[in-house]
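Have a look at the structure below before the remarks.
Bear in mind these aren't lab numbers, they're just calculated from the coordinates by the rules spelled out. Quick caveat, the model's predicted, so the values are computed rather than measured. So basically every Cβ, Gly included, is an ideal-geometry build from the backbone, and we count neighbours across all protein chains shown.
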Amino acid sequence: MSDEIELQEHIGPELQPHADALAYDLDGALAAIVSVRARIPEDAFTASILGTERSGHGVRILETGLVVTIGYVIAEAEEIWLVGANGQAVTGHVVGYDYETGFGLVQPLGSMDLPILELGDSDSIAPADQVVVAGCGGITQALKAEVVAKREFAGYWEYVLDEAIFTTPPHPNWGGAALISPSGQLGGIGSLYVENLSPEVTAGNMIVPINILRPIMKEMLDYGTTLKPPRPWLGLFVTETPENLVVAGVLDGGPAEQADVRAGDVVMGVAGERTRDLADFFRRIWAHGEAGSDIPIIIYRDGAAFDVHVQSIDRRAQFKSPELH
């Protein structure tokens, strides 16, 4: 894999932060951000969804060189390269991935003469705060941004955050990008490009708050994941419309497909209880028991409502373990 930084879409000078307007060393903060390149086996569980060649960013957070990134970049990786903005490149090893939060941790397998970015307090970041969202590459990958909102986020892939950070304008290379707080610390890791944040804001980024990482980081480093009981996972994609929750698709061979859940089905509830929205639907599934539990969901199809019993599994068990590579 190349030891050069993949060419990125540059951010124009008018959108870049000005170092003299900030209360911290911007160059030092940006130097802690590295490019993350990953190769995934073709037979990996996530290969058909996320591809086998992935790239994003990560942030050095410990003196050991530990890098935090967004997990989908490095999930099931058999080969990882970390490249600094100064051109230094080393291989890396996945030491932890938590799909419930979305965080991934990578340990460099060589030294890099780069600084670290201290973990901040994402709870102290508030709407209207001026922040910097940055990828690897220095000032041309740094974006002046504003926090638009902090609120719940639900993703169609069975993912919920109680409180995510939303910023605008959107960073063009958001995966694993650093949210640098007004105090110059790491406030979160970029996850998604999102549209229609509010009537006034057409697009932005969803950032996973760094405080979510704090209580689970030691377990991730020690065990590769957290020790929480695994959530039941159904292997379905659900989209939220103004009127209903609709199955957009199911994973081949997954629990939902095996239970004959189909794309186009309307999801009405779980265990006899109607669901209000996407986050409520997933939380009701997770509250029904651990992975392996039978999950009765209410489906509406062809003019009739009926229960479908889905035998859930542990999503983590589907992933290739990094220890195998």
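Multiplying the residue separation of residue 64 and residue 151 by 0.36 nm and removing their Cα-Cα distance gives an extension gain of 28.0 nm. Which translational diffusion coefficient, to the nearest whole µm²/s, is obtained for segment 1-146 from the Stokes-Einstein equation, given a Kirkwood hydrodynamic radius over C-alpha pairs, 37 °C and 0.692 mPa s? For the chosen part, D equals 206 µm²/s. Across the chain, the relative contact order, built from alpha-carbon pairs under 8 Å that are at least six residues apart, equals 15 percent. Note on segment 50-173: dipole from Cβ charges, positive end direction compared against 171, 125, 106; the farthest Cα belongs to 171.
Residues within the reach of a label modelled at residue 49 (point 7 angstrom out along Cα to beta-carbon, backbone nitrogen below 17 Å), restricted to segment 143-167, are 154-161.
Helix 278-287 and the long axis of the chain differ in direction by around 70°, with both axes built from C-alpha atoms. Packing here is the average count of other Cβ atoms within 10 Å per residue, and on that basis the peptides 115-124, 284-293, highest first, run 115-124, 284-293.
Treating only the Cβ atoms of Lys and Arg (+1) and Asp and Glu (-1) as charged, compute the dipole magnitude of the chain about its Cα centre; round to the nearest 20 debye.
With Lys and Arg at +1 and Asp and Glu at -1, about 300 debye.
As a check on your grasp of the helix formula, calculate [θ] at 222 nm for the chain: sum -39500 (n - 2.57) over DSSP H runs of n ≥ 4, divide by the residue count, round to the nearest 500.
-2500 deg cm²/dmol
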